[in-house]
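Derivation of every value follows stated rules applied to the coordinates shown; laboratory data play no part. Note that the structure is a prediction, hence the values are computed from the model and not measured. Cβ atoms come from the backbone with ideal geometry, glycine included; neighbour counts cover every protein chain shown.
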Ligand code: FES
């Protein structure tokens, strides 16, 4: 029986025709750093393995990375700070200045403290600070 004939007979018989469909799902973050919400209202989190080649620079004080618009900085003495990297003035990405221990915005000069508060305008609203927990060489930033 030809394929076409088979399909016609099957449809005439009222049977459902199942056509295989390839499902391509969107993968989560390629680095597997972002965990989905746990369904218990605990929200998302970013998990950073400091042994990973992607984040080795975070092992040195003064370095910072930006993941999903959150800047994570090694501020020294095994302390890490995570702030929203989006300047509250006009949306530019803030940076980390280890010498001054603050987070300046390169666009119009706003400066944020490690707690996210505004040190210098024109921004007038603090950036959000996130809790960073460290267990061995793994950082967890609760979003
Ligand atoms: S966008 Fe940051 S100071 Fe203007």
remark   = Put in order of increasing Cβ neighbours within 10 Å, starting from the fewest, 128, 45 give 128, 45
Gyration tensor verdict on region 33-142 (Cα atoms; rounded if a/c is under 1.5, prolate if a/b is larger than b/c, oblate otherwise) = oblate
task = Provide the gained length on full extension for the span residue 126 to residue 44, in nm with one decimal, where the gain is 0.36 nm per separating residue minus the Cα-Cα distance.
result = 27.4 nm
task = Sticking with the crude label model, points 7 Å out along Cα→Cβ, report the distance from residue 142 to residue 52 in nm, one decimal please.
result = 2.1
